[in-house]
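Since the structure comes first, as structure tokens, the remarks are kept for the end.
The values are calculated or read from the model by the stated rules, or taken from the named source; none is laboratory data. From a predicted model like this one, the values you see are computed outputs, not experimental measurements. Cβ placement follows ideal geometry from the backbone for every residue including glycine, while neighbour counts extend to all protein chains displayed.
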């Protein structure tokens, strides 16, 4: 699809634009950047959740008691996601059983529980040396097999995005290093410690997607990260990679907002960035893709920021997926005294976990422990006074107060018409609302409820159509049956009348032959119709 | 050894403002204007403010009680106080105490709570209260004092208290001797009597660019309003288009016929235009919510104000104009929904 | 006098023509109310309302011969929607018609099924697949959970199971904590 906007999108990064609204938040990032990137200790047990993913279920490929090697596939998603989960280390599958799975619901789900053997033995890896000349299809396949997903938090399968990009023909690959949510610093740490990996990842994704240009966007408050990346770009000889510094306004790191900042364009409703010729990937995703293609290593670990005033020694740790959060906290010196809330993700969009038994998952960019002082005493909700602050800060240019009114009254269609589905759930409106209305939660609820209702309407419509089709079919069967009956009846009637005539004639003949002398008589003797030729009523078979 | 935590919905950072803080800032912003008012018209206005706040809180508490709403939260949201102060600022300083009671009854009980309380009222409560007493007691509501410096106040603090509570002027003179019409009133009477604007302006009650005293009060209101703008408590759209439309249309009329039309400066700095532009028409509950809607809302208030001042039955039209536009606000909102991202 | 008669007559003729034209020009096809009501019904086609399907029930409501509270699958939300559409009083679901309960789907125990086709004939939305002497199965996505296949089954091999519900973000409670919430709790009918 060729949009007129595509030409403008090709100029991405030449100048910077603004997006609507947003908030300047204190970022609290330095507190987790004091210590160098560490590596999490191997826990006694790893719990890899079989999380359902955008409707697709994960099916275990291993059984209880089976020995697994590091990097071996242990679960597969059904289509259309078709992703894989891999064993984070070598050991034995002790069970596939319910366990906390780091889901927003806080509920338990099935998890593959692995007891590490401590040897950390890799399965057979297939590094790719000539990846720069390799068939892009091969790269895409490798990315899919390695279970790479968006590590910025959305965990959308990368190979699907790359495939879409290839299908639509993209020109620019945007690497998103604008980590705008407070506290989170895992991407910054990655770009500090492994800028080479990020640049390699950019080149891998470029080859896989067919992009001509690469833009790496970082925040202006990241300081020397710029120099590290510049050096890495120079040493890799990929001088076509463009570095761009964007301002630190939340939610600038959102995909749609970053695209708007770089191109001045909005991604039209119902379309994807690929329709504008853009592919947007998180820097950590790119690094994971490099790992997968160049070293052949699947996604089994990620950098997690463990931070907040509720943790004694905040740090960034390279953690195996499935490591219980309690282990990471312990490694960071444990909880401080007034730890009050455990979050997976940042303070704006992350969700609260009910316990630290939940494991690290692919979406876990940050483990944030807030104190009582941080979350404050929550104040009472008052009616909306229509001050419009929420609309001023909304990056999606919505009217949150109007939407919450729609949703409160169950008007899900109206809410959709007012653009509810454009909401990115960034939480800005909540923060500025003087009436303390839980707007974002209303929108999360409203989106899901609206979807369910639409779905229900669709099934009801289908049921109606099938019912009506059936009625029609039954009616037409009945009609046919009646018609055939009628025809038969008429046929018999005809036969009967003919038979009668014949009988009458025969009788007359018989009479005539019996009485050759004809008397003058008008009235011919009438014969009774024979009983045997009564038409049958119920004939059909 | 797992530890459990209480959960809550994102975002997990507490909100940065509250209704109470918004209302408090509006009150702070009114202080310079109130002080100026006091300077020119004596301490009567302070008494009116105290009276109005008292009645407002009493009615508010009563209605909250009847509607079984939490008293503390709503009394401390300061919305009733803001209503009371804005209402009191429209009163002549020496009106009897029951004017405040009546006005607050209509503002708080009828216009606010019978429509559903905070956030649900259609009409600006302060203006409903003001318009009711203005229509019912037109004579009392036009008894203004001359604007003078404090050293020559006609009525002092004690006299003001007695006047307000007894309903009788505490001085040995008649009302006519002390009271004075407002500049807008004088203008109106003058024009009706066939005088030109210039002739009317020679009267002592006119100052350098507006009414004497009134012009400076308006300036101090504007200062408070600008502070609110800077604090982002109000948006710039309503004051801009409201004052803008008055100035523009006023200028047009003035250019066409300067004999029977006052200059736009005169319009701006007399009556309640500045107070209205920054504090009354910007009431979020009864105004428009989208930016485009607010532009239209402000312009509407400005135009109606001018029309009422020029052709209506009352010297000032801000209150009526605000109420008229309150009625139109839902419709404007409906047709000024902004285009959301990607639409 | 003749002018009066003439002009009034002319006016009447013109207006009459106008009305006639409008009646043709703006004629509404089928009875739209029935359609609108039918849109709000859950299309379960279960017959619990006492009519042989949702549409007949919709027609009965439109004709005023049925109340709006006879549809258990639609439940209280359905009644609310109907009341809103028709400007009627909200009623409690008539217990004679049944109880509101979670949506279900039919499940055929394929071991027990003898392939008699009776359930196929009973299914109002053709959601059961199979042939004589062959095992039958329910098309999950098309089953409305109407229970109509249960009575005809000679071997009782059909059970109704609850439709699996996906997790969804919860609706925020009115007013976050403390006294406001208590107020809401103590005033279930109170709004605002």
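Values as computed for the structure displayed
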quantity	calculated
Qualifying residue in segment C:140-150 (condition: under 24 Å from residue A:411 (Cβ atoms) and either within 12 Å of chain A (Cβ to nearest Cβ) or crowded, with 16+ Cβ neighbours inside 10 Å (or both))	no
Qualifying residue in segment B:153-168 (condition: within 17 Å of residue B:38 (Cα to Cα) and either within 18 Å of the chain's Cα centre (by Cα) or without any contact (Cβ under 8 Å) to a residue 40 or more places away in the chain (or both))	yes
Helices (runs of 4 or more DSSP H) wholly inside segment B:1-118 containing at least 2 residues that are in contact (Cβ under 8 Å) with a residue 40 or more places away in the chain, on the phi < 0 side of the Ramachandran plot and away from chain A (no Cβ under 13 Å)	B:19-41, B:44-66, B:79-89, B:97-104
Answer from A:373, A:364 - the residue that is modelled with pLDDT under 95, more than 7 Å from every other protein chain (Cβ to nearest Cβ) and buried (at least 24 other Cβ atoms within 10 Å of the Cβ)	A:364
Failed item in (1) under 15 Å from the mean Cα position of the chain (by Cα); (2) at pLDDT below 90, with residue C:96 passing the rest	(1)
Boolean, residue C:41 is surrounded by 13 or more Cβ atoms within 10 Å (Cβ to Cβ) and within 12 Å of chain A (Cβ to nearest Cβ)	yes
Residues located in segment B:242-267, provided they are under 23 Å from residue B:293 (Cα atoms) and under 17 Å from the mean Cα position of the chain (by Cα)	B:242, B:243, B:246
Residue that is farther than 18 Å from residue B:35 by Cβ and crowded, with 20+ Cβ neighbours inside 10 Å, where the choices are B:238, B:204, B:247	B:238
Residue in segment A:382-405 that is outside any loop (DSSP other than H, G, I, E, B), under 30 Å from residue C:81 (Cα atoms) and more than 11 Å from chain B (Cβ to nearest Cβ) present	yes
Residue within segment A:330-341 that is assigned to a loop (DSSP other than H, G, I, E, B) and either within 30 Å of residue B:73 (Cα to Cα) or at the interface with chain B (Cβ under 9 Å from one of its Cβ atoms) (or both) present	yes
Unique residue being out of contact with any helix residue (DSSP H, G or I) (no Cβ under 9 Å at 6 or more places or on another chain) and crowded, with 20+ Cβ neighbours inside 10 Å when the list is A:234, A:181	A:181
Answer residue from segment A:313-327, given it is in a helix (DSSP H, G or I) and surrounded by fewer than 24 Cβ atoms within 10 Å (Cβ to Cβ) and is nearest to the other protein chains (Cβ to nearest Cβ) among those	A:326
Residue among A:473, A:481 that alone is at pLDDT 90 or above and facing chain C (nearest Cβ under 10 Å)	A:473
Filtered residues of segment A:427-443 (kept if assigned to a loop (DSSP other than H, G, I, E, B) and either within 7 Å of chain B (Cβ to nearest Cβ) or over 11 Å from residue B:15 (Cβ atoms) (or both))	A:427, A:433, A:434, A:435, A:436, A:438
Members of segment A:145-175 found to be in a helix (DSSP H, G or I), under 13 Å from the mean Cα position of the chain (by Cα) and surrounded by fewer than 21 Cβ atoms within 10 Å (Cβ to Cβ), listed by number	A:160
Members of segment A:20-30 found to be surrounded by fewer than 18 Cβ atoms within 10 Å (Cβ to Cβ) and touching a strand residue (DSSP E or B) at 6+ places or on another chain (Cβ under 9 Å), listed by number	A:24
Filter pass, residue A:91 being modelled with pLDDT of 90 or more, away from every other protein chain (no Cβ under 14 Å) and on the phi > 0 side of the Ramachandran plot	yes
Residue that is surrounded by the fewest Cβ atoms within 10 Å (Cβ to Cβ) [pool: residues in segment A:237-250 that are closer than 14 Å to residue A:12 by Cβ and touching a residue at least 40 places away in the same chain (Cβ under 8 Å)]	A:242
Filter pass, residue B:146 being touching a strand residue (DSSP E or B) at 6+ places or on another chain (Cβ under 9 Å) and either within 13 Å of chain A (Cβ to nearest Cβ) or assigned to a loop (DSSP other than H, G, I, E, B) (or both)	yes
In segment A:360-415, the residues that are in contact with a strand residue (DSSP E or B) (Cβ under 7 Å, 6 or more places away or on another chain) and within 30 Å of residue B:236 (Cα to Cα)	A:393
Single residue of A:133, A:107, A:129, A:115 found to be within 14 Å of chain C (Cβ to nearest Cβ) and either under 18 Å from the mean Cα position of the chain (by Cα) or surrounded by fewer than 18 Cβ atoms within 10 Å (Cβ to Cβ) (or both)	A:107
Output for segment A:264-292, where each listed residue is surrounded by 22 or more Cβ atoms within 10 Å (Cβ to Cβ), in a helix (DSSP H, G or I) and within 14 Å of chain B (Cβ to nearest Cβ)	A:273, A:276
Some residue of segment A:251-263 being within 11 Å of chain B (Cβ to nearest Cβ), in a loop (DSSP other than H, G, I, E, B) and surrounded by fewer than 24 Cβ atoms within 10 Å (Cβ to Cβ)	no
Conditions (1) touching a helix residue (DSSP H, G or I) at 6+ places or on another chain (Cβ under 7 Å); (2) free of Cβ contacts under 8 Å to residues at least 40 places away in the same chain: number failed by residue B:255	(1)
Residue in segment B:228-236 that is within 22 Å of residue B:264 (Cβ to Cβ) and out of contact with any helix residue (DSSP H, G or I) (no Cβ under 7 Å at 6 or more places or on another chain) present	yes
Failed criterion for residue A:347 (all others in (1) within 8 Å of chain B (Cβ to nearest Cβ); (2) in a loop (DSSP other than H, G, I, E, B); (3) modelled with pLDDT under 90 hold)	(3)
Segment A:406-423 - residue that is surrounded by fewer than 18 Cβ atoms within 10 Å (Cβ to Cβ) and more than 10 Å from chain B (Cβ to nearest Cβ) and, of those, farthest from residue A:433 (Cα to Cα)	A:413
